[in-house]
Amino acid sequence: MENKIKKIGILTGGGDCPGLNAVIRAVTKTAINKYKLEVVGYKFGYRGLYRNDFVKLENKDVSGLLHKGGTILFSSNKDNLFNYNVVENGKKIKKDVSDVAVENMKKEGVDALVIIGGDGTLTSARDFARKGVKVIGVPKTIDNDLAVTDVTFGFNSAITTAREALDKLHTTAESHHRIMILEVMGRNAGWIALESGIAGSADVILIPEIPFEPENIIKKINGRHKRGKLFSIIVVAEGAKFKNKEAVVSKIVKDSPDPIRLGGIGNVLMLELEKLVGKEHEIRNTVLGHLQRGGAPVTFDRILSTRYGVKAVELMMDERYGNMVILKGNKMHYAHLENVIGRNKNVNPEGELVRAARSVGVSFGDE
Ligand code: F6P
């Protein structure tokens, strides 16, 4: 049977993460080698779709990409075409320019899109699907906060970076008998802190889902002291909150659809703890920041990205448009974007992972 789809486009939107190139490679190779499709890649996510700025992708363009971090197509987390910044009659206004993107696709003969992104990018993917554009979503984000899929690609690479940082902080903490704080990313979800904290044997893990009180952290640190453990490791998610307080905001990026950037809780926490422990313990704070988003994907993410990319093209060929590829257990599946968007996945404070951490002595600062 002849393929209805002859030419597909790929774009990567939102904050980058390890594994984006691996998905681009898998989509391109599967589309060309298995289904004889043409492939183009739009630059800087939706901005490329609006400006009709794309590159043709051949096997040679994606060869050697599997282990490379970043995205060869570049990415932007500012370009929502349904509410786009344009200048008209000398005035800056927000406008729905999605029809321009649809026209550009028609002009170039692009039949369908693989859209690789997190919540914001996939919200636009859903909106394009509502307009009748043939889209398949691929769930990306280091935060692992997308509902329905067990895991997003990029998350395992980020927690490996955070775990390695915790291992290193351990040795210097031990040498100086210090309290070391590591602030990690994750937006309003505590997955990175929780999983890197468990793997990096943190003594205290602070996550947005469980508000904390500094006195409880001191209790934990003093308990360790009594047992001869003269150093302590705290991992704090950027979205973690003191009880009855809001998360700490590092900056507002005005032209971003999601303008709030969290960050700074590590330093605030250090100053609070210093007040309570006096000169008895020295405290240092490390902010891991965008190191969590850079570099090569770990083995798990290379495999997951490849599976996601292959499945995305297969879904297209089965005409299952408007869906996102997902991992359930160890099986590839798909879920409709309408059932994914606006349903963030957070850590369950009563869940098995939190209980396991508590069982091995981790304090969440809440008791
Ligand atoms: O969503 C991924 C993420 O890295 C978050 O963990 C973090 O809060 C945010 O993006 C940082 O965004 P930016 O790259 O704009 O600083």
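The values are calculated or read from the model by the stated rules, or taken from the named source; none is laboratory data. All values reported here derive from a predicted model rather than from experimental measurement. Ideal geometry is used to build each Cβ from the backbone, glycine not excepted, and the neighbour counts take in all protein chains shown. The area values use the complete protein model at the heavy-atom level, side chains included, leaving out ligands, DNA and RNA. Shrake-Rupley method; radii C 1.70, N 1.55, O 1.52, S 1.80 Å.
For the pairs K229/K279; K140/K241; K168/K226, flag any whose C-alpha to C-alpha distance is greater than 19 Å.
Values: K229/K279 17 Å; K140/K241 25 Å; K168/K226 24 Å.
The pairs that break the limit, which is 19 Å between Cα atoms, are K140/K241; K168/K226.
Can I get the semi-axes of region 196-246's equivalent ellipsoid? Compute them from the C-alpha gyration tensor as square roots of 5 times the eigenvalues, in angstrom, largest first. If you can, show how the numbers build up before the last one.
Numbers: eigenvalues 88, 39, 7 Å².
Largest first, region 196-246 gives 21, 14, 6 Å.
Could you order R163, R51 so the one with the most accessible surface comes first? Probe is 1.4 Å. Intermediate values should be presented prior to the final figure.
Details: R163 70, R51 155 Å².
So, going from the largest accessible area down, we get R51, R163.
Taking amide hydrogens as modeled 1.01 Å from N in the peptide plane, which residues meet the under 5 Å criterion relative to E38, leaving out close sequence neighbours?
For E38, the qualifying residues are K7, I8.
How much net charge surrounds T161 when only the other residues with a Cβ under 14 Å from the Cβ of T161 are counted, with Lys and Arg +1 and Asp and Glu -1? Can you show the working numbers first?
Values: positive: R163, K168, R293; negative: D16, D143, E164, D167, E183, E195, D301.
Once positives and negatives cancel, what remains is -4.
In region 45-186, if the dipole is taken from +1 on Lys/Arg beta carbons and -1 on Asp/Glu beta carbons about the Cα centre, which of S75, F153, M185 is farthest to the positive end?
S75
How large is ³J(HN,Hα), in whole Hz, for each residue of region 72-80 in order, when computed from phi with the Karplus curve 6.51 cos²θ - 1.76 cosθ + 1.60 and θ = phi - 60°, using x for Gly and Pro?
3J(HN,Hα) across region 72-80, in whole Hz: 5, 8, 6, 8, 9, 10, 10, 10, 8.
Go through 247-256, 151-160 and give me the packing order, highest mean Cβ count within 10 Å leading.
Per-residue mean Cβ counts within 10 Å order the peptides as 151-160, 247-256.
Could you pull the accessible area for D150 with a 1.4 Å probe, rounded to 10 Å²?
Around 70 Å² of this residue is reachable by solvent.
Which one, N216, N104, N244, has the greatest fluctuation when you compute a Gaussian network model over the chain with C-alpha springs under 10 angstrom?
N244
With Kirkwood's inverse mean 1/r over C-alpha pairs for Rh, give me the Rg to Rh ratio of region 220-367, two decimals please. Can you show the working numbers first?
Values: Rg = 20.9 Å, Rh = 19.7 Å.
Ratio of gyration radius to Kirkwood radius: 1.06.
Mind grabbing the accessible area of S175 for me, 1.4 Å probe, Å², rounded to tens?
Its accessible surface works out to 90 Å², give or take rounding.
Quick one: which residues, 5+ away or cross-chain, put their amide H under 5 Å from the amide H of V184? H built at 1.01 Å from N.
Close amide H contacts, sequence-distant or interchain: V236, A237, E238.
With all protein chains present, calculate the accessible area of H290 using a 1.4 Å probe and round the result to the nearest 10 Å².
For H290, solvent-accessible area is about 120 Å².
Per the Kirkwood treatment, what hydrodynamic radius in Å, one decimal, follows for the chain from the mean inverse distance over all distinct Cα pairs? All intermediate terms of the calculation are to be shown ahead of the outcome.
Details: mean 1/r = 0.0463 Å⁻¹.
Value: 21.6 Å, from the Cα pair sum.
Taking a probe of 1.4 Å, how large is the accessible area per residue of region 208-306, in Å²?
With all protein chains present, region 208-306 gives 53 Å² per residue.
Measure nothing but the geometry: give the 0 to 90° angle between the long axis through the Cα atoms of 20-29 and the longest principal axis through the Cα atoms of the chain, rounded to 10°.
Long axis of 20-29 versus the principal axis of the chain: about 30 degrees.
Would you mind checking which residues have amide H under 5 Å from G137's amide H? H placed 1.01 Å from N; only 5 or more apart, or other chain.
Those lying under 5 Å, H to H, from G137 are I115, N323, M324, V325.
For region 255-325 and region 119-195, what is the centre-to-centre distance using only Cα atoms, to the nearest Å?
Comparing the Cα centres of region 255-325 and region 119-195, I get a distance of 3 Å.
Can you work out the Karplus-derived ³J(HN,Hα) for every residue in region 32-40? Use 6.51 cos²θ - 1.76 cosθ + 1.60 with θ = phi - 60°, whole Hz, and x for glycine or proline.
6, 6, 8, 10, 6, 8, 8, 10, 10
Report the net charge of residues surrounding F212, where surrounding means a beta-carbon distance below 15 angstrom and charges are Lys +1, Arg +1, Asp -1, Glu -1.
Numbers: positive: K219, K220, K241, K243, K245, R358; negative: E183, D203, E209, E213, E215, E238, E246, E272, D366, E367.
Surrounding charge for F212 is -4.
Ranked by accessible surface with a 1.4 Å probe, highest first, in what order do R126, R261, R355 come? Could the numbers behind the result be given before it?
Numbers: R126 40, R261 65, R355 135 Å².
Correct descending sequence by accessible area is R355, R261, R126.
Using bins 10 angstrom wide from zero, how does P(r) for region 79-167 break down, in % of all Cα pairs?
For region 79-167, the pair-distance distribution reads 15, 34, 27, 17, 7, 0.
Tell me, what HN-Hα J-couplings in whole Hz come from the Karplus equation 6.51 cos²θ - 1.76 cosθ + 1.60 at θ = phi - 60° for each residue of region 45-62, using x for Gly and Pro?
Going residue by residue, I get x, 5, 4, x, 5, 5, 8, 6, 9, 9, 10, 6, 10, 10, 3, 5, 6, 10 Hz, with x marking Gly and Pro.
Relative to the longest principal axis of the C-alpha atoms of the chain, give the angle of the C-alpha long axis of helix 155-176, reported between 0 and 90° and rounded to the nearest 10°.
20 degrees
Round to the nearest 10 and give me the degree value, 0 to 90, for the angle of helix 98-108's Cα axis relative to the longest principal axis of the chain.
50 degrees
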